[in-house]
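None of the figures in this text is laboratory data; all of them are computed from the coordinates on show. Given the structure is predicted, the values throughout are model-derived calculations rather than measurements. Because the Cβ atoms are built from the backbone with ideal geometry, glycine has one as well, and the counts that use them run over all protein chains shown.
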Amino acid sequence: MTLAVVRNLSSSRGLRSQQDVEDFEQEIVDQYALSMAAAGLTDGHIAASRAAVVEFARSLPGPLWSASCDDADRFLAELRRSGRCGSHTLATKTALLAKFYDFVIVRYQGDIHALTGCVVEQPIDEYNRSRGPARGEVRVPPSDAEVEALFSQWGPSITHARKYLPAARDYFAASLWRRLGLRINETVMLDIRDWRPDLGELGKLHVRHGKGSRGRGPKSRLVPAINGADQLIDWWLAEVRHQYGSDWNDPDAPMLPSERRDADLGRCARVGADALRSGLATQTNRWLPAWSGRLTPHVLRHYCASSLYVAGMDLKALQELLGHEWLSTTSGYIHVRNDHVEQAWTQANRRLESRFGQGA
C-alpha cells in the first residue's frame, strides 16, 4: 500500500475553496494512515480504517471535522436498516471511526480550530458505540456431557468414513479446539516443525500465527500440550499424517494438509478453514443434532476455556494459553454451569460455620 505525500498541518494557510477543504480532509486521513503504519499495524487494518472513514465522510453534509453524534447516529442506523453489514462488521466500523476521531482530537484539534473555527467532537460516544455481536448473545458452549458425547462417537466413526484421511484431520483439528482452545486460523497455519516435544514436560505447540492486537501482525506463543493434547498430536503424526504423502518428514509442510498437492513446493497443500468448519458441522449434525448450526470452532474455544477454569486453571494461565492481550477478554470466555455460584456460596457458608464452631 502506498501513502500520499503529506504536508505539515501546522503550517498556516486558509481554506479558501471547496478544493482546499477536500485537500485538508485528505491530509488528515493520510496522516492517520501514516501514524498507523508507524505503529506497525498491518496494511489490511490500515486499508479497513481508511475505508470506514471514507464511507462515513460520504454520509456527512459537511467536512469530516464537523461530524456530530447525530451524524453518527444516522450513519449507523442506516447501516443497520440496509442490512449491508452484520453486527460484527458494524462493531468493527464503529471502533475504527472512534479511533480515527480520537486521533484527530488529540493531534489536530488546534490546527482544525485555527483553520476552520470548528471544535472537533467525538461522534462515537457511549450511547451509539456498538458492543458487537456478543451484545445479548453470549457464546455459551455445550456441557461436558454433550461435548463428550460428540467426540466419543466421532472418534470411533473415523475408521468407517468414506474418506479416512480428511475425516481424521477434521477430528484432529476439532480436538485441538476442544483441548487447547486454538483459533481456527492458528490451527490451519501450523507446520510440522511447530510441534516441539522437547519443550516442557508434555511438549509445546509453536503457534506462529496468533491474533495480534489492533491490527498488528501475527503474535506467536508457545502452547503446552496439556489436557491430553500431547497424546492427540502423537497419534496424528505417528499414525495418520504420513499417509497424506512423502512430505510427512518435511518440517515446513503443513501439519493439517489438504488432499490436493502444491505443485510449486512439491508437497501437500494446506487445508482451508472452510473445510475444517464444514467437517465440524457435518459431525455435529450427525452426533449432536441439538447443536446443529451453533457449534463452531470458536464455541469449542469457549468450551476449552470454561472446562479448564472449572478444573482449576487460573485466569492468568488461561489468558496465556488462549493468547489474549487483556485478562478481561479471557474472563468473557468463562461460562460455568448454573450451579457454580450456588456451590461457591454453600462452601463459603460451610467455612464460616466451621470457623464459628471452632471459636465456640
Check your understanding: Pick from Arg178, Arg193, Arg260: which residue has the top mean-square fluctuation in a GNM of the chain where Cα pairs under 10 Å get a spring?
Key -> Arg260
Practice item. Sort Ser59, Ser82, Ser307 so the one with the fewest other Cβ atoms within 10 Å of its own Cβ comes first. Key: Ser82, Ser59, Ser307
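Say the cut-off is 26 Å between C-alpha atoms; which of Lys99/Lys204; Lys211/Lys316; Lys163/Lys204; Lys93/Lys316 go over it?
Checking Cα-Cα distances, Lys99/Lys204; Lys163/Lys204; Lys93/Lys316 exceed 26 Å.
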Study note, to complete from the structure: Karplus ³J(HN,Hα) for the stretch 226-233 (6.51 cos²θ - 1.76 cosθ + 1.60, θ = phi - 60°; Hz, whole; x = Gly/Pro) runs 7, 6, x, 5, 4, 5, 4, 5
Review point. About its Cα centre, what dipole magnitude does the chain give when the only charges are +1 on Lys and Arg Cβ and -1 on Asp and Glu Cβ, stated in debye to the nearest 20?
Key: 540 debye
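Under a Cβ-only charge scheme (Lys and Arg +1, Asp and Glu -1), can you give me the dipole magnitude of the stretch 18-116 about the Cα centre, in debye to the nearest 20?
Computed about the Cα centre, the dipole is about 560 debye.
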Exercise for review: Taking H placed 1.01 Å from N in the peptide plane, check which residues at least 5 places from Asp191 or on another chain put their amide H under 5 Å from its amide H.
Suggested key: Met255
Review point. What is the distance in Å between the Cα centres of the stretch 271-316 and the stretch 40-108?
Key: 33 Å
Practice item. Compute the acute angle (0 to 90°) between the alpha-carbon long axis of helix 297-310 and the principal axis of greatest extent of the alpha-carbon atoms of the chain; round to the nearest 10°. Key: 70 degrees
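About its Cα centre, what dipole magnitude does the stretch 144-340 give when the only charges are +1 on Lys and Arg Cβ and -1 on Asp and Glu Cβ, stated in debye to the nearest 20?
On the way: 26 positive and 23 negative charges, 121 e Å.
Dipole magnitude for the stretch 144-340 comes out near 580 debye.
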**Study point:** Over the stretch 144-340, relative contact order from alpha-carbon pairs under 8 Å, at least 6 apart, %
**Key:** 24 percent
Point to revise | Additional length obtainable on full extension of the chain from Ser331 to His206, 0.36 nm per residue less Cα span | key: 42.6 nm
Exercise for review: Work out how much length Val54 to Arg355 would gain on full extension: take 0.36 nm times their residue separation and subtract the Cα-Cα distance, in nm to one decimal.
Suggested key: 101.9 nm
Revision key, fill the gap. Ordered by fewest other Cβ atoms within 10 Å, a rough proxy for footprinting exposure, His242, His298 read His242, His298
Revision key, fill the gap. Percent relative contact order for the chain, counting Cα pairs under 8 Å at least six residues apart, stands at 15 percent
Practice item. Tell me which residues come under 5 Å, amide H to amide H, from Cys268 once H is placed; ignore anything under 5 positions away on its chain. Key: Asp247, Asp262
**Study point:** the chain: most fluctuating residue of Gln319, Gln283, Gln109 per GNM, C-alpha cutoff 10 Å
**Key:** Gln109
Review point. Points 7 angstrom from Cα along the Cβ direction at Arg129 and Glu320: gap in nanometres?
Key: 3.1 nm
Review point. How far, in degrees from 0 to 90, does helix 87-116 lean away from the longest principal axis of the Cα atoms of the chain, to the nearest 10?
Key: 30 degrees
Review point. Which residue fluctuates the most in the chain, going by a Gaussian network model with Cα springs under 10 Å, if the choices are Gln18, Gln231, Gln31?
Key: Gln18
Check your understanding: Cα axis of helix 69-82 to longest principal axis of the chain: angle in degrees, 0 to 90, nearest 10?
Key -> 50 degrees
**Study point:** Note, ³J(HN,Hα) from phi for the stretch 281-286, Karplus 6.51, -1.76, 1.60, rounded to Hz, x at Gly and Pro
**Key:** 4, 4, 6, 5, 4, 7
**Study point:** Förster radius 41 Å - calculated FRET efficiency between Glu22 and Ala311 (Cβ-Cβ, nearest 0.05)
**Key:** 0.10
Study note, to complete from the structure: Going from the fewest other Cβ atoms within 10 Å to the most, one would list Ile158, Ile233, Ile28, Ile334 as Ile334, Ile158, Ile28, Ile233
Practice item. Would you calculate the separation in nanometres between label points at Arg193 and Leu222, each defined as 7 Å from the Cα along the Cα-to-beta-carbon direction? Key: 1.7 nm
Point to revise | Dipole of the chain [Lys/Arg +1, Asp/Glu -1 at C-beta], most positive-end residue of Ala269, Leu41, Tyr164 | key: Tyr164
